[in-house]
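Notes follow once the structure below has been shown.
Just so it is clear, none of the values below were taken in a lab; they were calculated from the coordinates. It should be emphasised that the depicted structure is a prediction, and the values quoted were computed from it without experimental measurement. Glycine gets a Cβ as well: all are built from the backbone with ideal geometry, and neighbour counts include every protein chain shown.
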Amino acid sequence: MVITLAFGASAADGRFTAENPLIEIPAGTFIFGRDDGPENERPRLELEGQAFAINRTEITNQQYELFVKETGHRAAFYANHPILGLDDRPVVGVSWGDADAFCRHYGLDLPSERQYERAARGTKGGAFPWGEVPPGIARTNAGADVCCSADARDGYPMTAPAASFADGASKEGVLNLVGNVWEWTRDVYAPYEGGTAAKNTGVYRVLRGGSWNSDPSHLTTTYRLAYEPEFRFSANGGFRCVRSAP
């Protein structure tokens, strides 16, 4: 469901949410994490989540360019790339700080890992936004079967338009929560409750969702990628924003 939220909507965010609306994710119990995957995805927890709203698609180059014009913030690294820089493609070549600054400018935030996973998995903890069936070429923009090479079988050798792959939408209608581009979350990388701490705990931020050059093992709703927050040269990393209930 597309909504206009009553809690704290700003005049500024309407300038890009008209094209990239915020989709309501209702409060309620949901599954977070898993017990049968990589160590950093454990344990499986049943959590009570608050309502929030998340952009229907990743932030596009056109939307990011508007932010740059309004604020004087630096441009995305791939802004002028012949494919990656197209207006309707997800913006890539942005650091965690760049993504955070964009969301805050419009009165929003980067999603937490819990928010991202709830939006992607639904309430029952699905492996994919659309259910349990593996992606195939109609549901997501993915890479080759062996990491980490581009693959054009889905129609796109690199990024796809942000509004692509309607067959891969979540139950609430959010697009590309798996594939197309990795997406920054606001969380610092750390183990889940009861998990094992790694050497890089507290150093990196977390990316979610996989991308256009990801193999199947990275294209799940639970995969966590710890990443250097200052790095802005990734051609496969973008973001979207959320608005949380007060």
With the Cα gyration tensor of segment 99-153 giving a ≥ b ≥ c as the square roots of its eigenvalues, does the rule (a/c under 1.5 for rounded; else a/b larger than b/c for prolate; else oblate) give rounded, prolate or oblate?
oblate
Rounded to whole Hz and in sequence order, give me ³J(HN,Hα) for segment 121-127 from the Karplus expression 6.51 cos²θ - 1.76 cosθ + 1.60, θ = phi - 60°, writing x for Gly and Pro.
9, x, 8, 9, x, x, 5
Please state the Cα pair-distance histogram of segment 148-246 with 10 angstrom bins from zero: what percent is in each bin?
14, 43, 32, 10, 0
Given Pro157, Ala53, Asn236, which one lies farthest toward the positive end of the charge dipole of the chain, if we put +1 on the Cβ of every Lys and Arg and -1 on the Cβ of every Asp and Glu?
Ala53
Highest mean first, how do 80-89, 117-126, 232-241 rank when packing is the count of other Cβ atoms within 10 Å averaged over residues?
232-241, 117-126, 80-89
How big is the charge dipole of the chain about its Cα centre, in debye rounded to the nearest 20, if each Lys and Arg gets +1 on its Cβ and each Asp and Glu gets -1 on its Cβ?
220
Shape descriptors of segment 14-244 over alpha-carbon atoms, Rg and Dmax in angstrom, are 16.2, 46
